[in-house]
Amino acid sequence: MKPVVSASYARRHSKMASRLKTWMMAGALAFGAMSMGATTATAQQATPKQLTAAQVVDKMQSLYKSTNDFRASFSQTYTDVAAGDTKKSVGRVYFKNQGKMRWDYYKLDGEKPAKRAHKNLVSDGGVFWIYEREFNQVFKQCLTDSKLPTSLRFLMGQGDLNKEFDITLTQNSTADLPELKLVPKVATSQYKELRFIVDGETFQVLKTTIYDPYGNTNEIVFKGVKLNTNLKDSDFEFKPPKSARLLNPQKKC
């Protein structure tokens with residue numbers, strides 16, 4: 001007999017699946033942009049003012065392969081326009097080549113993060129997991145699916161942002177802080193446009209923002225970036241607790 005699924009459970013399951021793609025997309029662009037800081041000698045031969053948006057992205061994609069991993073602290077602000085609600089989060093993020101990434105979210109205890117993460121997002125390159133400790137539940141997505149978003153395929157060493165996005169510099173862009181706007185050439189229900197701001201000297205990403213079709217935004221600011229620290233593959237492994245509720249148990253990768 002199949003378990004009875006409540007309406008609230010179904011809504012949460014659907015919402016989790018939607019946000020999963022948003023998190024993966026934010027992570028893909030973040031890692032690609034941060035990788036630009038790995039070879040600053042090449043990047044700094046031309047200033048941002050001399051580069052077109054397409055040239056900036058070309059450098060991002062070519063330099064991506066020269067960075068093996070990075071880690072950083074982050075603050076995230078998700079704004080729900082319809083609800084008039086803003087949700088802020090803090091945490092640490094880790095990335096490694098071949099689609100490996102980990103986001104550890106911490107609740108704020110006053111002005112300081114709690115010692116234990118309350119949510120983990122983990123990818124080993126084959127499976128992407130979301131574990132919410134307070135609800136003791138797990139959601140997973142197979143990354144071998146041919147329908148993966150462009151930004152995630154980019155993270156895994158595939159895809160071409162210049163071919164799949166119309167890319168321009170925004171009006172707020174400066175030589176010190178170039179800001180790129182990426183609009184998908186083929187419309188998607190997941191997002192309307194993407195933006196990120198990079199440091200004009202180091203070419204490391206400072207902020208990424210995702211705009212969905214409803215005007216909601218997901219903004220992530222990175223600090224304390226460290227490149228090529230030899231992160232272990234085991235850092236990106238995840239095994240659901242035996243007591244955790246798996247939202248999509250039929251999903252086998």
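Quick note: the coordinates plus some simple rules give every number you see, no bench work behind them. None of these values were measured; they are calculated from a predicted model. When we count neighbours, we look across all protein chains shown, and the Cβ atoms used for this are built from the backbone with ideal geometry, even at glycine.
Odds and ends about this structure:
- Calculated from backbone phi, Karplus (6.51, -1.76, 1.60) coupling profile of segment 239-244 in Hz, x at Gly/Pro: 10, x, x, 4, 7, 6
- For chymotrypsin sites (Phe, Trp or Tyr not before Pro), the sites in segment 160-253 that DSSP calls loop and that have at most 12 other Cβ atoms within 10 Å are Tyr214.
- Prolate/oblate/rounded call for segment 167-253, Cα gyration tensor, a/c under 1.5 rounded: oblate
- Distance violations [Cα-Cα > 26 Å] among Lys207/Lys242; Lys140/Lys223; Lys112/Lys239; Lys88/Lys185; Lys107/Lys181; Lys87/Lys192: Lys207/Lys242; Lys140/Lys223; Lys112/Lys239; Lys88/Lys185; Lys107/Lys181
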